[in-house]
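What follows is a short report on a single structure.
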Amino acid sequence: MYDKIKILKEKIKGAQILFKKIPKEKGILGIVLVLLIGFLLYQSFIAIQIKKLKAIDFQFTSQKKLIDFYNQIIKDANILNNELTEKENDFAQIRQGFVDEEELSNYFADFRALVKAYNLQVASLDFQPQENIIDSNREPLTYYQRLKFSVSLKGDYFNLMSLLYKLEQGSSRFEINSVRIKQKNADPPDLIMDMEAAIYILMKRG
Amino acid sequence: MESILGLELAEDRIRVLEIGKTQNGLELLRLDKINLSAPGIKEGIIAGPKLIAERISAFLKENNISTRKAVALIKPPHAFTRIIRLPYNLSDDQIRLNLEAELNQYQQFTDKEMAIDFKKLEEISEEGIKKVNVLFTATFKALSGSYLKTLELAGLDLVGIDVSMLSIMRALDEIDLKSSSLEVTLLMLITQKYLEMCILKGNRPRFLHSVEIDTDDLDRDRADFIDRLVSAIKLMVNFYQARFIQGEEITRIIINPWEARYNQIHALLQEKLPQIPIQLSNPLSKIYIDKDKSIDLDELRFAFSGLLGATLRLEDKAQPFNLNLLTEQKTQREYRLNQIYLLFISLTSILTIAVISLSWVVLKINILQKKITRIDSLLGQPSPELNKAVSLKEKRDILQKQIKEASLITQQLKNPLYFQDISKAMVLTPEDLWLTDINLEEQNKNLVLTGESNTEKAIFNYISSLTGSGYFEAVELISSKGEAQSRKFIIRCTTK
């Protein structure tokens, strides 16, 4: 063991002498050459593979997270179910304020029936294109759109006001932007009510 | 068995001697000559290395010589050996510079690239100044380079180039020249063209000199030749005794003739120098010689004595005359090889690191890809529980979003309660006043009432009632015009 250490020491000493003997320029050139070759090897072979490894590692991590997420979902299935029930109950109330996209024709049929029920006449009913509702981040809402329309109704004061009351107090969100009531005839009193309004539509997605 | 070949190259032949370490100690294995048909050596330098190498290779093959280790022997005028006295504290580089300057004084070496090897001998105090004797030998770099190349081509590893005088010293070491002795000896080496002389104390060389001679003169005029030899000896002895080291007397002369046919020369000299005992060198007891091998002992004793001394390097013994003309070139060569080796090691290390890194990365990629494939297959066939749970989650998320968006709409939605505002305005209408137009716009929060009245008073009463009701933020009369019986008016109420 002692001899081996001695031999090793001598070898190290020999290597040191060899290093010292090498001229500075040659040494620098040698180091540069070795580093250059190392760099080229790295760039040509290893760097590409490392990039690939990083991409695959990212893919693997994502998939692992997805698996973990799924496992968690399975584990939390009961909680999810309860939450879903809760949300469904909440939404059941909320959705009354909105008109389903596919229920639009029925809604306006009902509206006409309501007008008629109040002994009023629909002089005109004009729709504007459905528009997106923009949130605070200036992004359109996914599930809701606004439908603006203008309606002109004829009838007496009492019935017009009753209808107005009915619409305002109704379960659906009925947004009135302007109302104008004007007298058409003084005797018998005959009024025209021009109204600009909007309703909110629950869109069917996915 | 470890053995070594000694080679002495001349224009017409190569002398070969092999010794090896056997159970008999150092044993002579071979003594031979390779004849050269075409001259491949010019002025000591091997001009046709391929030709010579082929001859040597063929010889090795023919004689089944397996050893690769070889040593070459050269002699004057291609080698130069001297002892010079230099200041004690010089570095090796400074000594080398001094030696080069010394060599430059000789015409044959002037401005030539020289291979030099030297060794510090004993320290001396000269006139109170500390000095050192330096034994050195030199040859042309072209010569040593050609030897190195040729023997490499022949598949041999040339471990050294020895010079004749130092080889003879090695051959006679501890036989005729004992390290423990204080006897001063003049050793003479007679070659065909040169007389080399060395004064030794014990086995330590003290003074070296060489004189140009022609041994053919011995055959032509023996007496004259002997006289010249005697003169040279006397000159050397006197110079040494008087000028070099005072008080030391040369007690014997040992002669080594290069050819066996001059083996009586010592007797001739003895007649002329009866006061100093003269003897022939005899290195034969240095090695074991198998009598069955029918070796010409005289050849070995004289013609091959230098080669024998050169091959005795196999002993690997520290001796004061151990110089090697190949050291410098070998060192340079080794240095170059070391540099290449270092570069190679560095590149190999980098390549190894690169390969290991690459393997690790590729392995990891493969492992991850396998895991991904497994996960993919799992995700491709989800369990019913998962499907159900995902469906529940999706539904919940949709509902959550729908509720959130609905609450946003609710926050944005203003309920102006038109009915209330209008009905309030209507309720307060006095009898003698009627409204013809009611306009309520959310945009400017104004309820504009247009109507007619029989009296002005009724209009102002109406404004007063509207203001006093507290239903509106502000009530103002915009216009009132017409005759006393039928006045038309416009009132603007700002809703809260």
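The values are calculated or read from the model by the stated rules, or taken from the named source; none is laboratory data. Keep in mind that what you see is a predicted model, and the values were worked out from it rather than measured. We place every Cβ from the backbone using ideal geometry, glycine too, and count neighbours over all the protein chains shown.
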Residue set A:113, A:109, A:123; condition of a type in the set (Gly, Ala, Ser), away from chain B (no Cβ under 14 Å) and part of a strand (DSSP E or B); output residue A:123
Would you confirm whether or not segment A:194-201 contains a residue that is farther than 19 Å from residue A:115 by Cβ, at pLDDT 70 or above and under 25 Å from the mean Cα position of the chain (by Cα)?
yes
Residues located in segment A:92-107, provided they are aliphatic (A, V, I, L, M) and either surrounded by 12 or more Cβ atoms within 10 Å (Cβ to Cβ) or in the same structural domain as residue A:131 (by TED's automatic domain parsing) (or both)
A:94, A:99, A:104
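Working only within segment B:214-243, note down all residues that are crowded, with 19+ Cβ neighbours inside 10 Å and either at pLDDT 85 or above or part of a helix (DSSP H, G or I) (or both).
Step one: list which residues in segment B:214-243 are crowded, with 19+ Cβ neighbours inside 10 Å, which gives B:215, B:218, B:225, B:229, B:233, B:236-237, B:240.
Listed by number, the residues that qualify are B:218, B:225, B:229, B:233, B:236, B:237, B:240.
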Would you please list the contacts, defined by Cβ atoms under 8 Å and residues six or more apart or on different chains, that run from a residue in segment B:397-410 that is of a type in the set (Asp, Glu) to a residue that is not in a helix (DSSP H, G or I)?
B:405/A:133; B:405/A:135; B:405/A:141; B:405/A:142; B:405/A:143; B:405/A:144
Condition test on residue B:76, is it assigned to a loop (DSSP other than H, G, I, E, B), in contact (Cβ under 8 Å) with a residue 24 or more places away in the chain and crowded, with 20+ Cβ neighbours inside 10 Å?
yes
Failed item in (1) touching a residue at least 24 places away in the same chain (Cβ under 8 Å); (2) of a type in the set (Gly, Ala, Ser); (3) under 29 Å from residue B:122 (Cα atoms); (4) surrounded by fewer than 19 Cβ atoms within 10 Å (Cβ to Cβ), with residue B:305 passing the rest
(4)
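Residues A:181, A:192, A:199: which one is under 22 Å from residue A:95 (Cα atoms) and aliphatic (A, V, I, L, M)? Write out each step before concluding.
Working: A:181 fails: under 22 Å from residue A:95 (Cα atoms); A:192 fails: under 22 Å from residue A:95 (Cα atoms).
Selected residue: A:199, the only one of A:181, A:192, A:199 that is under 22 Å from residue A:95 (Cα atoms) and aliphatic (A, V, I, L, M).
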Segment A:136-192, residues that are in a strand (DSSP E or B), at pLDDT 85 or above and over 36 Å from the mean Cα position of the chain (by Cα):
A:152, A:153, A:154, A:155, A:180, A:181, A:182, A:191, A:192
Output the number of residues of segment B:186-195 satisfying the condition of being in a strand (DSSP E or B) and either of a type in the set (D, E, K, R) or crowded, with 23+ Cβ neighbours inside 10 Å (or both).
3
Which one of these is part of a strand (DSSP E or B) and either buried (at least 16 other Cβ atoms within 10 Å of the Cβ) or within 14 Å of chain A (Cβ to nearest Cβ) (or both): B:478, B:459, B:491, B:463?
B:491
Could you tell me whether any residue of segment B:138-160 is touching a strand residue (DSSP E or B) at 6+ places or on another chain (Cβ under 8 Å), under 12 Å from residue B:205 (Cβ atoms) and either among the charged types (D, E, K, R) or assigned to a strand (DSSP E or B) (or both)?
no
May I ask you to verify whether residue B:29 is part of a strand (DSSP E or B) and either under 22 Å from residue B:287 (Cβ atoms) or in contact (Cβ under 8 Å) with a residue 12 or more places away in the chain (or both)?
yes
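Taking the condition surrounded by fewer than 12 Cβ atoms within 10 Å (Cβ to Cβ), more than 24 Å from the chain's Cα centre (by Cα) and in the same structural domain as residue A:130 (by TED's automatic domain parsing), does residue A:117 pass?
The answer is no for residue A:117.
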Since residue B:134 meets every condition but one in (1) touching a residue at least 60 places away in the same chain (Cβ under 8 Å); (2) closer than 22 Å to residue B:330 by Cβ; (3) not charged (D, E, K, R), which condition does it not meet?
(1)
By residue number, the members of segment A:16-50 that are more than 18 Å from residue B:337 (Cα to Cα), surrounded by 11 or more Cβ atoms within 10 Å (Cβ to Cβ) and not aliphatic (A, V, I, L, M) are A:38, A:39, A:42, A:45, A:49
Of the candidates A:100, A:90, the one satisfying the condition of being facing chain B (nearest Cβ under 10 Å) and out of contact with any Gly (no Cβ under 9 Å at 6 or more places or on another chain) is A:90
The residue from A:165, A:157, A:143 that alone is of a type in the set (Ser, Thr, Tyr), facing chain B (nearest Cβ under 8 Å) and closer than 26 Å to residue B:408 by Cβ is A:143
Being closer than 14 Å to residue B:357 by Cα, more than 9 Å from every other protein chain (Cβ to nearest Cβ) and of a type in the set (A, V, I, L, M) is the filter here; which residues of segment A:41-60 pass it?
A:47, A:48
Of the criteria (1) facing chain B (nearest Cβ under 10 Å); (2) out of contact with any Ser or Thr (no Cβ under 9 Å at 6 or more places or on another chain), which one residue A:28 fails:
(1)
Give me a count of the residues in segment B:358-384 that are more than 9 Å from chain A (Cβ to nearest Cβ) and assigned to a helix (DSSP H, G or I).
11
Restricting attention to segment B:402-424, and to residues there that are surrounded by 15 or more Cβ atoms within 10 Å (Cβ to Cβ) and among the charged types (D, E, K, R), which single residue is farthest from the other protein chains (Cβ to nearest Cβ)?
B:424
If you go through segment B:257-265 one residue at a time, do you hit one that is in contact with a Ser or Thr (Cβ under 8 Å, 6 or more places away or on another chain) and either assigned to a helix (DSSP H, G or I) or exposed (fewer than 15 other Cβ atoms within 10 Å of the Cβ) (or both)?
yes
